[in-house]
Amino acid sequence: MSEFVNPMTFKELKNLVQELEKQQIPEDTKIFLDTGWDSLQEILPGAIHLKEAQQFQVQDVLTKETFGGYSLIEKAEKTQAEGASERVIVIENLY
C-alpha cells in the first residue's frame, strides 16, 4: 500500500499566520526549520517560491512498502514522477 504525507495547504498556512498574529509576535521574530538534528535551520529571506511539482512513488527494498513524495518538475524524470503537475509553495533550504 502506498503512503503519502498530506502536506500543509496554503489555506492552513494562512490560518496559522492569523493565529500567530493574534499573539502579537514582533515583526522581527526569526523563522527556523526543525529537521530533528541538534540545530535549527534558518529560513533565508527570499527562500519561499511557487514551483511546479509532481508526485512519485518509491519502494523500500527491504520491506517492499511503497511511499509517496513530490519532486520538482526539473527532477521528475529522475524520480519517475507521474500524473499532472501542480503548483506548490516551496521553502528552499539549499545551503
Candidate set: region 54-66, residues that are of a type outside the set (A, V, I, L, M, F, W, C) and within 20 Å of residue 85 (Cα to Cα); chosen: the one least open to solvent (accessible area, probe 1.4 Å): 54
Pair list, Cβ < 9 Å and 6+ apart or interchain, from region 42-65 residues that are in contact (Cβ under 8 Å) with a residue 60 or more places away in the chain to residues that are open to solvent by 70 Å² or more (accessible area, probe 1.4 Å) and assigned to a loop (DSSP other than H, G, I, E, B): 65/1
Residue in region 67-78 that is touching a Pro at 6+ places or on another chain (Cβ under 9 Å), among the aromatic types (Phe, Trp, Tyr) and open to solvent by 80 Å² or more (accessible area, probe 1.4 Å) present: yes
In region 30-53, the residues that are exposed (fewer than 12 other Cβ atoms within 10 Å of the Cβ), at negative phi and not aliphatic (A, V, I, L, M): 30, 32, 34, 35, 37, 38, 39, 45, 49
Tabulated pairs, region 1-30, first within 30 Å of residue 63 (Cβ to Cβ), second among the hydroxyl-bearing types (Ser, Thr, Tyr) and open to solvent by less than 100 Å² (accessible area, probe 1.4 Å), C-beta under 6 angstrom, 6+ apart or interchain: 2/66
Qualifying position, being open to solvent by 100 Å² or more (accessible area, probe 1.4 Å), out of contact with any Pro (no Cβ under 8 Å at 6 or more places or on another chain) and in a helix (DSSP H, G or I), among 12, 27, 21: 21
Residue check for residue 30: among the basic types (Lys, Arg) and touching a strand residue (DSSP E or B) at 6+ places or on another chain (Cβ under 8 Å): yes
Hits in region 70-95 - residues which are under 29 Å from residue 40 (Cα atoms), at pLDDT below 90 and of a type outside the set (A, V, I, L, M, F, W, C): 79, 93, 95
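The values are calculated or read from the model by the stated rules, or taken from the named source; none is laboratory data. Remember, it's a predicted structure, so these values are computed and weren't measured experimentally. Don't worry about glycine lacking a Cβ; one is built from the backbone with ideal geometry, like all the others, and counts go over all protein chains shown. SASA here: full protein model, heavy atoms, side chains in, ligands and nucleic acids out. Shrake-Rupley method; radii C 1.70, N 1.55, O 1.52, S 1.80 Å.
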